[in-house]
Amino acid sequence: MKTTENILIVDLEATCWDNRPPRGQESEIIEIGVCIMNAKTGKISKNEGILIKPQYSKVSPFCTELTTITQNMLDHEGIMLDDAFDILRAEYDSEELTWASYGNYDLNMLQNQARRFYTDYPMSDDHINVKTLFGEIHPTIRKSVGMNRALGELGMTLEGTHHRGVDDAKNIAKILHWCLQKSR
């Protein structure tokens, strides 16, 4: 596992429905939660949630209940996906830093959305799947568990709102730092 001195933590939120999407709609990124974590100290900096206007879907009531993100928020504060990718490159050095997410959903979604919207993929090739790493390192958990359960196993509490990228990125960073300390 290649790590840089600082690791970019990413957590995405996307449009979602309680069952299948309505005709013509599809799952799209609506928030890119990010923070930078120092690999040695675990110190977290530059934490933000970048809101993104979906192009082919609307935020469902189910999605708002899960994430607290509303269509109105995205209409007024959201930016285009390629602009969000530019922010990742310019302000977070995303093409140079090792980056991490909880599971492979974020990796796959970023790749798929870059293809879907004909924009350059903004991340480095060095990705850490924190969910898998936690399962490999934790002494009693030998399978994939959700982020909230992983925090609980470590005696940590979930900070902020679960399913808000801006908050989940910090929570993932805490789990990753524990993993890095254990694997030294």
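The values are calculated or read from the model by the stated rules, or taken from the named source; none is laboratory data. As the structure is a prediction and not an experimental result, all values here were calculated from the model. Quick reminder, even Gly has a Cβ in these numbers, built from the backbone with ideal geometry, and neighbours come from all protein chains shown. The area values use the complete protein model at the heavy-atom level, side chains included, leaving out ligands, DNA and RNA. Shrake-Rupley method; radii C 1.70, N 1.55, O 1.52, S 1.80 Å.
Details
- Using just its DSSP H runs of length 4 or more, each adding -39500 (n - 2.57), the chain gives a mean residue ellipticity at 222 nm of -11500 deg cm²/dmol after division by all residues.
- Amide hydrogen proximity for residue 6: with H placed 1.01 Å from N in the peptide plane, the residues at 5 or more positions away or on another chain lying under 5 Å are 39.
- For segment 4-18, 3J(HN,Hα) computed residue by residue from phi via the Karplus equation (6.51, -1.76, 1.60; θ = phi - 60°) reads 9, 4, 10, 10, 8, 9, 10, 9, 9, 10, 9, 4, 8, 9, 6 Hz, glycine and proline entered as x.
- Under-5 Å amide H pairs with residue 12, H placed in peptide plane, nonlocal only: 33
- Over 20 Å [Cα-Cα, segment 29-114], rounded percent: 39
- Only Lys, Arg (+1) and Asp, Glu (-1) charged, at Cβ; the chain dipole about Cα centre in debye: 800
- The convex hull around the C-alpha trace of segment 77-140, projected and averaged over every direction, spans 5.3 square nanometres.
- Accessible area per residue for segment 47-184 is 50 Å², calculated with a 1.4 Å probe on protein heavy atoms, without ligands, DNA or RNA.
- Considering only Cα atoms, the convex hull volume of segment 114-184 works out to 118 Å³ per residue.
- Shape descriptor for segment 1-51: Rg over Rh equals 1.19 (Cα atoms; Rh from the Kirkwood inverse mean 1/r).
- Under the Karplus curve 6.51 cos²θ - 1.76 cosθ + 1.60, θ = phi - 60°, whole-Hz ³J(HN,Hα) for segment 45-55, x wherever Gly or Pro sits: 9, 6, 8, 7, x, 9, 7, 10, 6, x, 8
- Taking every DSSP beta bridge that has both ends in segment 1-129, the antiparallel portion is near 70%.
- Gained length - residue 64 relative to residue 115, 0.36 nm times residue gap less alpha-carbon distance: 15.7 nm
- Between 107, 36, 80, the Cα set farthest toward the positive side of the dipole of segment 1-135 (charges on each charged residue's Cβ, about the Cα centre) is that of 107.
- Per-residue ³J(HN,Hα) for segment 154-166, Karplus 6.51 cos²θ - 1.76 cosθ + 1.60, θ = phi - 60°, Hz, x for Gly and Pro: 8, x, 10, 9, 5, 9, x, 9, 5, 6, 10, x, 4
- Expressed as a whole percent, the accessible surface of segment 43-184 that belongs to carbon and sulfur atoms is 48, based on a 1.4 Å probe.
- Over segment 62-184, volume per residue of the alpha carbon convex hull, in Å³: 129
- Extension gain, residue 140 back to residue 87 (0.36 nm per residue minus Cα-Cα distance, nm): 15.2 nm
- Cα→Cβ-extended label distance, 7 Å offset, between residue 182 and residue 40, nm: 2.3
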